[in-house]
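I have placed the structure first, in the form of structure tokens, so that the comments after it can refer back to it.
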Amino acid sequence: MILFPAIDLKNGQCVRLEQGDMARATVFNLDPAAQAESFVTQGFEYLHVVDLDGAFAGKPVNAQAVEGMLKTIKIPVQLGGGIRDLATVEAWLGKGISRVIIGTAAVRDPELVKAAAKKFPGRVAVGLDARDGKVAVEGWAETSQVTVLEIAQRFEDAGVAAIIFTDIARDGLLKGLNLDATIALADAISIPVIASGGLASIEDVKAMLTPRAKKLAGAIAGRALYDGRLDPAAALTLIRNAPPRS
């Protein structure tokens, strides 16, 4: 089980939003590269980054900040936000991103995901962000009419590395992960699922390590890390020492 610390980029700064609302952004660090380095020092082994401006613009906007992080740290980075075509996928992977996350385009252009996953096996993830079970797109500004499961099933045999499932209603509010919905999704598909949105405390990490969550590949932690509700050392020790979730 991988615990991913999250860096969300807005105007070149490291921020956290509440429920995906750009007007409800808290700036936590003016220097994303320094924040990334801090997560490495804390012992994290994989970083989750989102270009928030890119998600709205439909193309990379915070490339300079991302490239600064890649120069600073050596752990793998997965990146989402504004990745809508194969050229952007190729460009990011070429710059050293380990895994790209395709969100809006996974709903609008499933063939892009299939082509990218075929060309770059194991390096393409799909980000599915749900509001009341329906997938939201364009930086969560719009809600589609399709369910998370319907989209996820489209990619069953495409070679997608992971589905990152976010419950928008909980994101940034520290209400706890929506494990019931996340586990239900993981149980219905063969693609590994990563939980996101609302991780609030060590209790969420403990819940991820129970047998019923055995199909979950990881969880993303944001605000809880920034405001000190989740102790990185305690969380990472718990994960390292956990018995197999059989």
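Would you please name the GluC sites (Glu not before Pro) within the stretch 136-240 that are DSSP coil residues with at most 13 other C-beta atoms within 10 Å of their C-beta? Before the final figure, lay out the partial values.
Values: sites: E138, E142, E150, E156, E203; in loops: E138, E156.
Counting only loop positions with at most 13 other Cβ atoms within 10 Å, the GluC sites (Glu not before Pro) in the stretch 136-240 are E156.
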Remind me, what semi-axes does the stretch 120-192 give for its equivalent ellipsoid, largest first in whole Å, using sqrt of 5 times each Cα gyration tensor eigenvalue?
20, 14, 12
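With charges only on Cβ, +1 for K and R and -1 for D and E, what is the dipole size of the stretch 2-241 about its Cα centre, in debye, rounded to 20? Let's see the in-between values first.
On the way: 26 positive and 28 negative charges, 96 e Å.
Result for the stretch 2-241 is approximately 460 debye, rounded to the nearest 20.
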Once the other residues with Cβ under 12 Å from the Cβ of A162 are scored (Lys, Arg +1; Asp, Glu -1), what is the net sum?
+3
Dipole magnitude of the stretch 71-175 about its Cα centre, charges +1 at Lys/Arg Cβ and -1 at Asp/Glu Cβ only, in debye to the nearest 20?
500
Out of the DSSP beta bridges found with both residues in the chain, what percent are antiparallel (nearest 5)?
30
Furthest towards positive pole of dipole, A63, G82, A130, structure part the stretch 53-155, Cβ charges:
A63
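DSSP loop (so not H, G, I, E, B), at most 13 other Cβ within 10 Å: list which GluC sites (Glu not before Pro) in the stretch 36-84 pass both filters.
On the way: sites: E37, E45, E67; in loops: E45.
Hits after loop and neighbour filter: E45.
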Sorting L3, A169, G222 by the position of each Cα along the dipole of the chain (Lys, Arg +1; Asp, Glu -1; all at Cβ), the one nearest the positive end of that ordering is L3
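Which percent of the accessible area of the stretch 2-241 is formed by carbon and sulfur heavy atoms (probe 1.4 angstrom)? Could you put the intermediate results ahead of the total?
On the way: 4890 of 9670 Å².
The value for the stretch 2-241 is 51 percent carbon and sulfur by accessible area.
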For the pairs K175/K214; K74/K214; K59/K95; K134/K214; K74/K95, note any where the Cα-Cα span goes beyond 18 Å.
K175/K214; K74/K214; K134/K214
Pairs of alpha-carbon atoms within less than 8 angstrom and 6+ residues apart define the contacts here; what relative contact order does the chain have, in percent?
18
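Might you tell me the accessible area per residue for the stretch 26-112, computed with a 1.4 Å probe and given in Å²?
Details: 3620 Å² over 87 residues.
In whole numbers, the stretch 26-112 has 42 Å² accessible per residue.
The values are calculated or read from the model by the stated rules, or taken from the named source; none is laboratory data. Keep in mind that what you see is a predicted model, and the values were worked out from it rather than measured. With ideal geometry, Cβ positions are generated from the backbone for all residues, glycine too; neighbour counts draw on all protein chains shown. Side chains included, ligands, DNA and RNA excluded: accessible areas come from the protein's heavy atoms. Shrake-Rupley method; radii C 1.70, N 1.55, O 1.52, S 1.80 Å.
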